[in-house]
Amino acid sequence: MGLPTHFLIAFFTIQQLRKTTKDNPDFPEVDLYLHIGWYATIGLIAGGYIFNIEQAATIGMMLISFAAMYQIHTTAAFQPYRYIIGIAGPYLGVSLLAQLIRFIAPDFYKSIDMFVEGFILITFVWGWANWSSMRKQQKALEEERKKREAEQENNRLISAQRDELEYLVSERTAELTKQKEELERALNELKTTQAQLIQREKMASLGELTAGIAHEIQNPLNFVNNFSEVSVELLDELEEERRKDTSSRDEGLEDEILSDLRQNLEKISHHGHRADSIVRGMMEHSRTSNGEKRPTDLNALTDEYMKLAYHGLRAKDKSFNAQLFTKYAENIGEIYLAPQEIGRVLINLFSNAFYALQEKQRNANGPVVFQPSLKVSTQLENGKVVLRIKDNGTGIPQEIINKIYQPFFTTKPTGQGTGLGLSLSYDIITKGHGGDIKVESVEGMGTTFEISLPKT
């Protein structure tokens with residue numbers, strides 16, 4: 001533990017101090033002295049071995065180390081290196097004292113040589129132990145510092161991510177709020193459009209009725225006109241008879257004329273009421289429905305709408321004719337339903353049936369003459385009233401038969417159908433009346449719709 005040990009102490013101390021002074025404009029002179037001391041340590045260890053002056057070189061190393069420790073003690077910037085004084089100071093002090101005794105009193109030194117060497121060893125071990133403990137503390141502090149920095153960095157990242165997440169959440173919330181408002185606006189527009197389309201479908205079915213109603217109302221009007229004209233003639237005859245003298249008047253003829261007038265007036269009243277009922281039916285159909293159910297004769301309702309739909313189509317196409325077959329069960333009586341709503345279903349189904357018959361007749365070009373026909377029947381089955389409407393028209397292709405109740409689905413050319421008729425009919429029957437509607441069809445052969453309604 002001679003010259004090499006002291007060289008390492010001096011060299012290490014200078015190297016540590018130069019970390020602070022190198023390229024630091026506040027310590028130009030100190031850095032110069034340290035630089036010189038660094039070269040001096042190298043020169044002393046080399047000279048000590050070359051010129052065999054190890055003792056003098058060792059003392060020189062000690063003095064350089066003490067000078068460096070003095071700088072550490074007096075310079076505030078070197079405070080982090082004061083641990084070097086506590087570690088190497090005792091060893092350097094004892095070693096310097098031993099070298100001085102050895103140089104001044106070699107004989108005395110020989111007598112205490114073992115004691116001095118042991119004491120030097122103790123200080124060296126003590127310094128080494130302190131250095132090891134300090135290194136462990138430094139490592140623990142460094143690890144703690146790194147851990148703290150990692151936590152701070154992690155907290156910083158978490159904070160940044162939280163800020164970013166808050167921004168994204170805020171941005172997404174604003175976007176969702178905007179989308180919600182747009183969807184609510186679109187929903188309101190769709191509801192408005194739906195109501196308009198339903199009204200349009202209602203008016204479309206009313207249009208189908210118009211021509212049929214005109215035909216139906218024409219008959220009672222013809223009767224009213226005819227009986228009115230006959231009644232005027234009878235009144236003329238009665239007036240002419242009453243002008244005659246009492247002796248020449250024919251009371252029997254007058255009574256007969258009065259009887260004929262009474263019968264004519266009864267017939268005029270009957271057909272007037274018939275026309276009135278047709279007009280009321282049309283007004284009910286065009287009026288907004290409240291879904292009120294009341295006892296209704298389904299047979300009469302069905303027959304009326306069948307004729308209206310048929311005459312409506314014939315008013316547009318005079319060449320169209322169809323055989324109408326009806327078989328109404330008398331035992332079904334009156335059932336509770338909303339006549340206005342069921343009327344819409346019937347006019348829709350009959351209009352579709354007659355349209356299919358018309359299309360098939362128009363496209364028929366085979367050797368066999370096609371005879372359009374429609375069969376309508378009602379009957380009581382298992383406590384339910386079943387209405388069947390069967391035509392021998394074009395039929396429905398199997399690939400689309402499952403789509404016919406979808407809103408806006410239609411096979412008619414653009415402008416001839418809204419695609420809402422069967423959809424609304426399905427809702428009226430199933431949701432409005434707790435019934436069921438089924439369809440069976442063979443393309444090219446015809447279609448059968450079956451409606452089941454609760455009896456009570």
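Here is how the numbers come out for the structure above:
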| quantity | calculated |
| --- | --- |
| Residue list for the stretch 438-456, given a label point 7 angstrom along the Cα-to-Cβ vector of ALA329 and an amide N cut-off under 13 Å | 451-456 |
| Spin-label proximity, ASN154 to the stretch 106-147 - amide N less than 20 Å from point 7 Å beyond Cα toward beta carbon | 140-147 |
| Contour minus Cα-Cα distance for HIS73 and GLU175 (0.36 nm per residue) | 30.1 nm |
| Exposure proxy order (Cβ contacts within 10 Å, fewest to most) of ILE401, ILE50, ILE396 | ILE50, ILE401, ILE396 |
| Proxy reagent accessibility, fewest Cβ within 10 Å first, across MET61, MET69 | MET69, MET61 |
| Net +/- balance of residues flanking THR20 in space, Cβ distance below 12 Å, scoring K and R +1, D and E -1 | 0 |
| Separation of alpha-carbon centers, the stretch 85-119 and the stretch 401-453, rounded to whole Å | 118 Å |
| Calculated FRET value between LYS412 and GLU233, using beta carbons and R₀ = 45 Å, to 0.05 | 0.35 |
| Exposure proxy ranking, count of Cβ atoms within 10 Å, fewest first, for GLU239, GLU440 | GLU239, GLU440 |
| Estimated 222 nm signal from helices in the chain, with DSSP H stretches of n ≥ 4 weighted -39500 (n - 2.57), rounded to 500 | -24500 deg cm²/dmol |
| Distance between modelled label sites at TYR336 and GLU144, nm, 7 Å Cα→Cβ extension | 8.7 nm |
| FRET efficiency estimate (nearest 0.05) - Cβ-Cβ, LEU183 to GLN161, R0 35 angstrom | 0.70 |
| Cα-based helix-to-principal-axis angle, 3-21 vs the chain, degrees rounded to 10 | 50 degrees |
| Inter-label distance, nm, simple model (7 Å from Cα along the C-beta direction), ASN24/SER319 | 11.4 nm |
| Using a Förster distance of 30 Å, the FRET efficiency for ILE112-ALA56 (Cβ separation, nearest 0.05) | 0.90 |
| Phi-based couplings in Hz for the stretch 311-316 (Karplus 6.51, -1.76, 1.60; Gly and Pro marked x) | 5, x, 6, 5, 5, 8 |
| The stretch 388-402 - phi-based ³J(HN,Hα) in whole Hz, Karplus 6.51/-1.76/1.60, Gly and Pro as x | 10, 10, 10, 10, 10, x, 6, x, 10, x, 4, 6, 10, 5, 7 |
| Partner aspartates and glutamates for LYS19 [C-alpha distance under 12 Å; skip if fewer than 8 residues away on the same chain] | ASP31 |
| Across LYS327/LYS438; LYS293/LYS360; LYS191/LYS390; LYS360/LYS431; LYS360/LYS384; LYS267/LYS384, pairs whose alpha-carbon gap is larger than 31 Å | LYS293/LYS360; LYS191/LYS390; LYS360/LYS431; LYS360/LYS384; LYS267/LYS384 |
| Average Cα contact separation per residue, the chain, under 8 Å, 6 or more apart, as relative contact order % | 10 percent |
| Geometric extent, Cα atoms of the chain - Rg, Dmax (angstrom) | 59.8, 200 |
| Added length on full extension, which subtracts the Cα-Cα distance from 0.36 nm per residue, ALA129 to GLU381 | 79.9 nm |
| For the stretch 3-158, alpha-carbon Rg over 2.2 N^0.38 Å | 1.28 |
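A short reminder: the numbers here are calculations on the coordinates, not readings from a lab. Quick caveat: nothing in here was measured; it's all calculated off a predicted structure. Note that we place each Cβ from the backbone using ideal geometry, even for glycine, and neighbour counts take in every protein chain shown.
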